[in-house]
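Report on the structure given below.
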Amino acid sequence: RYDCLPIGIDEAEAQEDNRKLNELVRLARLCFSGGRLPRGGSDGVATEYTLRSAVLFSSIRQPALLSQDRSRMIVMRLDKLPREQRVPGLSAPRLRALGARLLRRTIDGWPRFAAALEQYRIALKAVGHEGRTIEVFGPALAAADVILSDYAVDTDSAAELAAQLDFASLPEAEDDVTDEAA
């Protein structure tokens, strides 16, 4: 009833028939917005659940997205590793230990999250972000701050990071046209 698990969908490539991928993107949109989904029970009575989950799509080629979906996602484009860069170790024991450390840092830093989020909301608004992009990038920046720092975020640091997120330069804005124009 109140549990949620993160979802990772690899190879979410654009295809000739995107119906299945479009449904997964719709599900991700519902998870972002706290949408409700009915589900039948063994007793024949339907129950509605609030959907809340983090969803990760990965692909070589990003499929076309509706504006309402683009506005709820952070698009990260990865470059190739430099030749001299070693491939990072991705063994299960290493990742399990890293996950445990990240969880510990998150728990220890959680009391700072609300204040960090407010600082990033203010900073993002100051550089031109509006409504939904503040609600997408603000929590991501606050979470990173909680994990990477032992101190409260200061106004200057928040402003510096927000300035690097000029919306016009982000992948999310590349095809930021109205649905009618698209």
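The values are calculated or read from the model by the stated rules, or taken from the named source; none is laboratory data. Here the structure is a predicted model, which means the values were calculated and not measured. Because the Cβ atoms are built from the backbone with ideal geometry, glycine has one as well, and the counts that use them run over all protein chains shown. Surface areas here come from the heavy atoms of the whole protein model, side chains and all, with no ligands, DNA or RNA. Shrake-Rupley method; radii C 1.70, N 1.55, O 1.52, S 1.80 Å.
For trypsin sites (Lys or Arg not before Pro), the sites in the range 76-106 that DSSP calls loop and that have at most 16 other Cβ atoms within 10 Å are Arg77, Lys80, Arg83, Arg86.
Of the complete DSSP H runs in the chain, those spanning 24 angstrom or more by Cα along the long axis with a mean Kyte-Doolittle score not below 1.0 are 131-148. Per-atom-type breakdown for the chain gives carbon and sulfur 56% of the accessible area (1.4 Å probe, protein chains only). The label-point distance for Glu118 and Leu5, in a model that sets each label 7 Å from Cα toward Cβ, rounds to 3.7 nm.
Across the chain, C-alpha contacts under 8 Å between residues 6 or more apart give a mean separation that, scaled by the residue count, equals a relative contact order of 21 percent.
Rolling a 1.4 Å probe over the heavy atoms of the protein chains gives the chain an accessible area of 74 Å² per residue.
Secondary-structure-derived ellipticity at 222 nm for the chain, considering helices only, amounts to -13500 deg cm²/dmol, per-run term -39500 (n - 2.57) for DSSP H runs with n ≥ 4. Checking every one of the chymotrypsin sites (Phe, Trp or Tyr not before Pro) in the range 1-99 against DSSP loop status and a limit of 11 other Cβ atoms within 10 Å picks out Tyr2. Across Lys20, Lys125, the residue with the most accessible area heads the list, and the full order at a 1.4 Å probe is Lys20, Lys125. Annotation: amide H of Leu56 within the under-5 Å range of Ile7, Gly8, Ile9, sequence separation 5 or more or interchain, hydrogens built in the peptide plane.
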